[in-house]
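**Student:** Before I ask anything, let me first share the structure, which is written out below as structure tokens.
The values are calculated or read from the model by the stated rules, or taken from the named source; none is laboratory data. Being a predicted model, the structure only gives us computed values, none of them experimental. Note that we place each Cβ from the backbone using ideal geometry, even for glycine, and neighbour counts take in every protein chain shown. Surface areas here come from the heavy atoms of the whole protein model, side chains and all, with no ligands, DNA or RNA. Shrake-Rupley method; radii C 1.70, N 1.55, O 1.52, S 1.80 Å.
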Amino acid sequence: MRAFYCLSLCCLFFCFSCGESSTTHTDESAKTTPMKQTESNQSTNKKTILFFGNSLTAAYGLANPEDGFTGLIHQRLDSLGMEYTVVNAGLSGETTTAGLNRLGWVLKQSVDIFVLELGANDGLRGIPPASTKENLQAMIKQVEETHPEAKILFTGMMVPPNMGDDYAVEFRKLFKEVAEANDVVFLPFLLDGVAGEIDLNQRDGIHPTEEGHQIVMENVWAVLKDML
């Protein structure tokens, strides 16, 4: 079973790498308009939750992006009568370097809770973990300086075994180290319960189906709910 899981995870991340690269061109328009806001809070007193990430946040491959985990979070909040606006700032193919470059523009709006979901593409490209760590640290610092009252939820990621044991361990550890150094709320593995599960991923083997996003939503909600 463990061997099967490792093989599935390896195939999953390989497909993720291909899928992310292939979507970079088709998502060019998102570089100028990268956010989808479920509803305006300009004339209300609603608080804002901003999700900043890659294709996982962007709900790549789903017919309706609102079926992605960010949209499901919004639905959960509405069903509970909680006054929050959800902003999806996910961009397929995003690395931490690219994310850091566009973060300033994204932060020009009000933010009460900032969810940072980046790093997977760095791992798939074999970028040194120290560089990824530096970029993530810089992003958290920028959020804190721009919106000092905002709460931050930081999500972790893993790389497949074929990247090498040493790299995989160092990559996994960097997320925890960044979270602890900045005392932010931490979700160790966003795709827990979904990665490597054929029935919960699209044909590319990495991007979650609607059912997969339901599980990802519950993973996020388990830690987000206490921040509301």
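**Student:** Right, residue 117: open to solvent by 30 Å² or more (accessible area, probe 1.4 Å) and touching a helix residue (DSSP H, G or I) at 6+ places or on another chain (Cβ under 7 Å) or not?
**Tutor:** On the way: open to solvent by 30 Å² or more (accessible area, probe 1.4 Å): no; touching a helix residue (DSSP H, G or I) at 6+ places or on another chain (Cβ under 7 Å): yes.
No, not satisfied.
**Student:** Within region 107-150, can you find the residues that are of a type in the set (Asp, Glu) and either closer than 30 Å to residue 163 by Cα or modelled with pLDDT under 95 (or both)? I'd like the intermediate steps shown before the answer.
**Tutor:** Filtering region 107-150 down to residues of a type in the set (Asp, Glu) leaves 112, 117, 122, 134, 144-145, 149.
The answer is 117, 122, 134.
**Student:** Do the conditions hold for residue 89, that is, is it of a type outside the set (S, T, N, Q), surrounded by 23 or more Cβ atoms within 10 Å (Cβ to Cβ) and either at positive phi or modelled with pLDDT of 95 or more (or both)? Give the steps one after another, and end with the answer.
**Tutor:** Details: of a type outside the set (S, T, N, Q): yes; surrounded by 23 or more Cβ atoms within 10 Å (Cβ to Cβ): yes; either at positive phi or modelled with pLDDT of 95 or more (or both): yes.
For residue 89, the condition - of a type outside the set (S, T, N, Q), surrounded by 23 or more Cβ atoms within 10 Å (Cβ to Cβ) and either at positive phi or modelled with pLDDT of 95 or more (or both) - is met.
**Student:** For region 71-94, what are the residues that are under 11 Å from the mean Cα position of the chain (by Cα) and in a loop (DSSP other than H, G, I, E, B)?
**Tutor:** If we filter region 71-94 for residues that are under 11 Å from the mean Cα position of the chain (by Cα), which is where we start, we get 88-92, 94.
Within region 71-94, 91, 92, 94 meet the criteria.
**Student:** Among what's in region 69-86 and is free of Cβ contacts under 8 Å to residues at least 60 places away in the same chain and of a type in the set (D, E, K, R), pick the residue that is surrounded by the most Cβ atoms within 10 Å (Cβ to Cβ).
**Tutor:** Among those that are free of Cβ contacts under 8 Å to residues at least 60 places away in the same chain and of a type in the set (D, E, K, R), it is 78.
**Student:** Scan region 145-172 for residues that are open to solvent by 50 Å² or more (accessible area, probe 1.4 Å), touching a residue at least 24 places away in the same chain (Cβ under 8 Å) and either not β-branched (Val, Ile, Thr) or not in a helix (DSSP H, G or I) (or both) and jot them down.
**Tutor:** Step one: of region 145-172, the residues open to solvent by 50 Å² or more (accessible area, probe 1.4 Å) are 145-146, 148-149, 151, 161-163, 165-166, 169-170, 172.
Checking which are touching a residue at least 24 places away in the same chain (Cβ under 8 Å) leaves us with 146, 149, 151, 161-163, 170.
Scanning region 145-172 gives 149, 151, 161, 162, 163, 170.
**Student:** Follow-up. Looking only at region 174-208, which residues are surrounded by 15 or more Cβ atoms within 10 Å (Cβ to Cβ) and without any contact (Cβ under 8 Å) to a residue 40 or more places away in the chain?
**Tutor:** 179, 186, 187, 188, 189, 192, 194, 200
**Student:** Can residue 224 be described as of a type outside the set (Gly, Ala, Ser), closer than 13 Å to residue 56 by Cα and surrounded by 15 or more Cβ atoms within 10 Å (Cβ to Cβ)?
**Tutor:** So residue 224 fails the test.
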